[in-house]
Amino acid sequence: MEDPKVEKLIIIGSGPAGLTAAIYAARGNLNPVVISGREAGGQLTLTTDVDDYPGFPEGIQGPDLMINMRKQAQRFATRFIDEDVVSVNLKTKSFEIKTETSNLKTEALIIATGASSLWLGLESEKRLIGKGVSSCAVCDGFFFKDKDVVVVGGGDTAMREAQFLSKLCKNVTVIHRRGELRAQSALVELVKSKPNVKFLFNTTIDEVMGQDKVTGLRLKNTQDNNTSEMTIDGVFVAIGHKPNTDFLKGQVELDEKGYIVVKNETHTSVEGVFVAGDVADHKYRQAVTAAGAGCKATFDAEEYLENLL
């Protein structure tokens with residue numbers, strides 16, 4: 001591997017945050033390089049119908065939206081490396097990034113690697129993602145209006161999902177493997193006040209039933225191991241997210257959950273390293289907020305580059 005030239009700007013990640021950053025950077029003549037990762041496109045590639053992204057009155061498929069964003073970035077001559085980042089060195093003047101086959105250097109860096117939903121790990125769950133299995137009530141709840149759904153989890157995320165779905169769905173059942181919830185008491189009381197929400201404790205899911213769409217669940221009681229079946233239209237898995245920051249440990253400040261600590265909108269603890277999207281945002285986690293963050297990160301990176309001596 002030869003010593004590379006120093007790029008102006010490298011963007012790690014190719015979800016809405018990374019690709020929006022690339023579009024703005026390319027139009028701003030920063031000649032960006034996007035390291036897209038082997039699983040390019042972020043969480044939207046696991047989503048079928050996207051009805052809440054502005055500009056698509058008939059909706060759009062998640063993978064199609066990401067393909068369109070990538071084509072738009074390519075139109076302005078963004079370069080792509082479709083590999084994963086192996087390691088980074090952010091302690092040098094020019095930041096060093098190592099992918100599977102390349103060594104790169106850059107004056108500025110935008111990290112937009114997103115976060116991955118935590119799943120139950122069932123084969124049936126994986127097969128039905130986007131067909132009744134979801135990890136985002138705000139994204140997909142509308143498709144289950146007046147239907148019966150389940151929320152899996154016992155933390156704050158699960159309570160927020162249940163509260164949101166209670167406004168749309170006929171019935172919401174919260175399934176939790178333990179005997180008590182871990183969420184904030186105020187959130188728990190809010191959800192318990194909803195007449196169409198009920199709780200099923202000490203219960204796990206053995207199988208998500210259905211061929212082309214979710215039709216039910218096979219449940220197991222963790223105390224007596226008895227099994228039962230439940231007819232259901234949708235399953236919202238709300239057991240948390242994991243930010244994709246393992247390669248950054250020791251290089252940039254992370255919080256206790258592994259999210260990048262943000263300073264002043266898009267800045268990180270390292271001058272010249274910026275952040276956008278779900279890798280730092282554990283609250284909103286929407287494509288449109290990630291895209292907006294990508295735009296802001298590029299503006300801040302551009303300002304940083306202009307002031308370099």
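Oblate is the label for the stretch 257-309, because a/c, from the alpha-carbon gyration tensor with a ≥ b ≥ c as root eigenvalues, is 1.5 or above and a/b does not exceed b/c. Each listed q (0.08 Å⁻¹) maps to a log10 I(q)/I(0) for the chain from the Debye sum over equal C-alpha point scatterers, namely -0.40. What angle do you read, to the nearest 10 degrees and between 0 and 90, between the alpha-carbon axis of helix 16-27 and the longest principal axis of the chain? Roughly 20 degrees between the two axes.
In terms of the mean number of neighbouring beta-carbon atoms within 10 Å, the peptides 40-46, 119-125, 67-73 order highest first as 40-46, 67-73, 119-125. Overall, the chain carries a charge dipole of about 440 debye about its Cα centre when +1 sits on the Cβ of Lys and Arg and -1 on the Cβ of Asp and Glu, all other atoms neutral. When the trypsin sites (Lys or Arg not before Pro) in the stretch 236-303 are filtered for DSSP coil states and for at most 16 other beta-carbon atoms within 10 Å of their beta-carbon, the remaining sites are Lys249, Lys257, Lys283. At an R0 of 51 angstrom, the distance between the Cβ atoms of Asn89 and Arg218 translates into a FRET efficiency of 0.55.
Just so you know, all these numbers are worked out from the coordinates, no wet-lab data involved. All values derive from a computational prediction rather than experimental measurement. Neighbour counts run over all protein chains shown; Cβ positions are idealised from the backbone, glycine included.
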